[in-house]
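The values are calculated or read from the model by the stated rules, or taken from the named source; none is laboratory data. Keep in mind that what you see is a predicted model, and the values were worked out from it rather than measured. Glycine also receives a Cβ, built like all others from the backbone with ideal geometry; neighbour counts cover every protein chain displayed.
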Amino acid sequence: MTGTPTTTAPRPELLAVQGVTKAYPGVVANSDVSFSIAEGEVHALLGENGAGKSTLVKMIYGLVKPDSGQMRFRGQPYQPSEPKAARASGVAMVFQHFSLFEALSVAENVALGMENPPPMRELSGRIKSVSEAYGLPLDPGRMVGDLSAGERQRVEIIRCLLQNPKLLIMDEPTSVLTPQEVDILFTTLRKLASEGTAILYISHKLEEIRALCDEATILRRGKVVATCTPRDRSAREMAELMVGATLTPPARAALPKGDTALEVTGLSVNSPIPFGMSLKDVNFRVARGEVLGIAGVAGNGQDELLLALSGELRTEPGAVKINGKPMGATGPNARRAAGLVAAPEERLGHAAAPDMTLVENALLSGVVRKSLVKNGFIDWAATGRFAAEIVKDFDVRTPGTHVAARALSGGNLQKFVVGRELSQTPSVIVINQPTWGVDAAAAASIRQAILDRAAEGAAVVVISQDLDELLEIADMFAALNTGRLTKPRPVEGLTIDEIGLMMGGAHGMEVAHVGH
Amino acid sequence: MVRLEKRPSPSAFWQWATPVLAVILTMIAGGIMFAILGKNPVEAIRTIFWDPLFNEQFAAYSRPQLLVKAGPLILIAVGLSLGFRAGIWNIGAEGQYIMGAICGAAVGLALYPLETRWVFPLMVAAGIFGGWLWAMIPAILKTRFNTNEILVSLLLVYVAQNILASMSIGLLRNPEGGGFPGSRNMSQIPAMANPELIPGTGLHWGVIMAFVVVIAAYILLQRHILGYHIKLAGQAPRAARFAGVSPNRLVVLCMGLSGALAGMAGLFEVTGPSGQISIDFNVGYGFTAIIVAFLGRLNPIGILLAGLLMALTYIGGELASFMLGLPSAAIQAFQGMLLFFLLAVDLLTNFRIRFGTRKEAL
């Protein structure tokens, strides 16, 4: 990998943020934040969830107005009233969640994001030339629904590059990429930087920041707590700056493996989700006390695998065996009775009903194993106790158990949802993205809770896009790629390259051709 | 500038205050409409809301009418509300109401002149069955072929109306009626009659059943796992599937329940206040009940109050058109306004209105 050209002469300043403050009712999102980015600099904005990174970049992109403080862009006062104004000044942003229409082609999607799109033929030509110049090959005529997550991100990036931005903001861009795709992205970003485009890179993945960024501004609770040169710091040092505390990695005892608790044989099922991924001949077994980590880029069958295991999607009876019993054709409650609990990725709307209280949401999946219903009538007192127990044991920050689920922050709701499943003395646990959007301290406690259940003899399947997380807690590792699961391998001794290949390599994408 | 801001959780105050606000807004807008029609708005509103209950001259007649009209509305609306809460849109209660009346009446008339006290309960059972069966058509088409239950149930209303017309001049026509359309008058036949139980109140078996159903539905929604599943399916369908709720089972159940209650209402109507199967014995209760269900916030107690209010606007509307010469279309527009305002101010439950020019996105 080639490094960014290090210049000794100071580069001209592009964006300066001075003493910016933004408060929302009840929370100060940014307090007196100052930092600056030079032309051609790759600048990291580092912080936990809720540290104020998003609010800060939304102000730079004109989505949010600061309460006080100034910004200067290329020496001029800069106060974008809306994203359109920010784009006109030369600021572009790639969001974490893509805003693409799956049923439209690449070129049509790009045109939708432009103020005055040129004729489709001309636009296709420009997309082709820009995508080739930056090593991001993309066919303008392809349907977005058929693209991988990495390719979709290219559409977003090219949409930005067509505006010739001076500053490109990227919000958590690697969360949907395989390691190989990350390499391609970094090559592109380095090329852009070498041409003078500054990049504001938001992430909490420290190794990436060390590999890519020239400077880093670290935010904690809305304040700048440190600036540093990432290459000179260890990931651990930066993590502690970010969290403000010393981190202890989850502890686990080496366990003798027990009997097989979950066995999946020849599981093939069509996806019920539009543009979803069907599962093709998935095989694995998990023993008591064992944690199987399943990696993969989003959209490669993770949701479908969870549905097939939780019982929301029925299959052949023998395809899913819980504690030796064929359960593939049974529904969620029968599987709960057999000892399997599941936590879906989507918290609001799937794992929990947004407008229902925590007590009502505790009933949602706790009804069977906690015996919360007698003769069809709900035991609200017992349900209330169960909800209170989850809130207490999993440190869910909430004014009480009678608030609506959607009033909780994402991390707290995740703790509640995971806690609800883990509190049911399960023998098989299936969790999709256990720590998605959760801050580092809460993520550590969730991982510890999962390991504790494994130590008590539960078989655990963790589906995650966070490789670091899987390598930390899993005994066995497998990857989902276009609906197929690789053969599980012991985590010990796996290299990051092997993992990347298991995840599908670069999904047929080419490595950038960067000419110097 | 006016902005809407989402509340962190639904406001308990506005949940109950919006129906009151909607009634007040309806009175104001309706008053303006009556004024444009050249009537005294205050007098018109008073005639609709006050006179039916308290006017010395009319109250003796119109006060019992309140329960007579509210009974079927409440009975049907409670059934509909269960489906609506689960996101199952039975728009065809009118058809189920008619078919219940026909089936129940047919059983009674077939047994005529048998005089035992089992005839009436048998008719009620047949009425429930008729409504249930008519609702099963859209339910099964939806679960088997994924048809739209709104369209199918609505279109079946027109089928039911044609069956009703055919029955009242054909199979069920009174053989001693001199060739006039319409069945025997069942309210005159003791074994089949659904009489006024306490004279001067309008209270009949249908009204009693309406109260029973309100209480049963309240318990179902508050304490029973089925009520929980109904609410869950409506609010978060994916979460409901995660909780092990079968969407198809719920469709069959909710459609069946609302059909059965509508059929029961039809039977009580045809054996009581209306008395006979005739081409137009139905007066649109099945459709009005949809308004009642929403006016009552899909809550059984709310529906009880909304049913009484709706009945009042019916009786008052008739009185106003009779006393003040208001066109009946104006009364219908007035009732339509009620639903319109209710849906409009419903926004306040989940949003708060902010005045000011601050522009931001969280």
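Across segment B:142-162, what is the total count of residues that are surrounded by fewer than 18 Cβ atoms within 10 Å (Cβ to Cβ) and under 17 Å from residue B:100 (Cβ atoms)?
From segment B:142-162, those surrounded by fewer than 18 Cβ atoms within 10 Å (Cβ to Cβ) are B:144-148, B:150-151, B:155, B:158-159, B:161-162; that's our starting set.
With under 17 Å from residue B:100 (Cβ atoms) added as a condition, the list becomes B:158-159, B:161-162.
Total satisfying the criteria: 4.
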Being modelled with pLDDT of 90 or more, away from every other protein chain (no Cβ under 14 Å) and buried (at least 24 other Cβ atoms within 10 Å of the Cβ) is the filter here, so list the residues in segment A:45-74 that pass it.
-> A:45
Report whether or not residue A:110 is within 25 Å of the chain's Cα centre (by Cα) and either over 26 Å from residue A:302 (Cβ atoms) or part of a helix (DSSP H, G or I) (or both).
-> yes
In segment A:333-363, the residues that are at the interface with chain B (Cβ under 9 Å from one of its Cβ atoms), surrounded by fewer than 23 Cβ atoms within 10 Å (Cβ to Cβ) and part of a helix (DSSP H, G or I) = A:333, A:334
Among the candidates B:308, B:319, B:304, B:298, residue that is under 30 Å from residue B:31 (Cβ atoms), of a type in the set (A, V, I, L, M, F, W, C) and within 14 Å of chain A (Cβ to nearest Cβ) | B:298
Just one listed residue, out of A:86, A:9, A:16, A:23, is part of a loop (DSSP other than H, G, I, E, B), among the aliphatic types (A, V, I, L, M) and either at pLDDT 90 or above or out of contact with any helix residue (DSSP H, G or I) (no Cβ under 6 Å at 6 or more places or on another chain) (or both), and it is A:9
Single match in A:130, A:144 (criterion: assigned by TED's automatic domain parsing to the domain that holds residue A:60, over 19 Å from residue A:298 (Cβ atoms) and touching a residue at least 24 places away in the same chain (Cβ under 8 Å)) = A:130
When (1) within 25 Å of residue A:196 (Cβ to Cβ); (2) touching a strand residue (DSSP E or B) at 6+ places or on another chain (Cβ under 6 Å) are applied to residue A:134, the one that fails is (2)
The one condition residue A:431 fails out of (1) closer than 28 Å to residue A:300 by Cα; (2) away from every other protein chain (no Cβ under 14 Å) is (2)
Give the residues of segment A:293-332 that are under 20 Å from residue A:351 (Cα atoms), away from every other protein chain (no Cβ under 14 Å) and not in a loop (DSSP other than H, G, I, E, B), sorted by residue number.
-> A:294, A:302, A:305
Under 6 Å between Cβ atoms, at least 6 apart or on separate chains: pull out the pairs that start in segment B:322-351 with a residue that is within 14 Å of residue B:297 (Cβ to Cβ) and in contact (Cβ under 8 Å) with a residue 40 or more places away in the chain and end on any residue that is in a helix (DSSP H, G or I) and of a type in the set (Phe, Trp, Tyr).
-> B:348/B:14; B:349/B:14
Specify which of the listed residues (B:71, B:108) is more than 24 Å from the chain's Cα centre (by Cα), away from chain A (no Cβ under 14 Å) and buried (at least 22 other Cβ atoms within 10 Å of the Cβ).
-> B:108
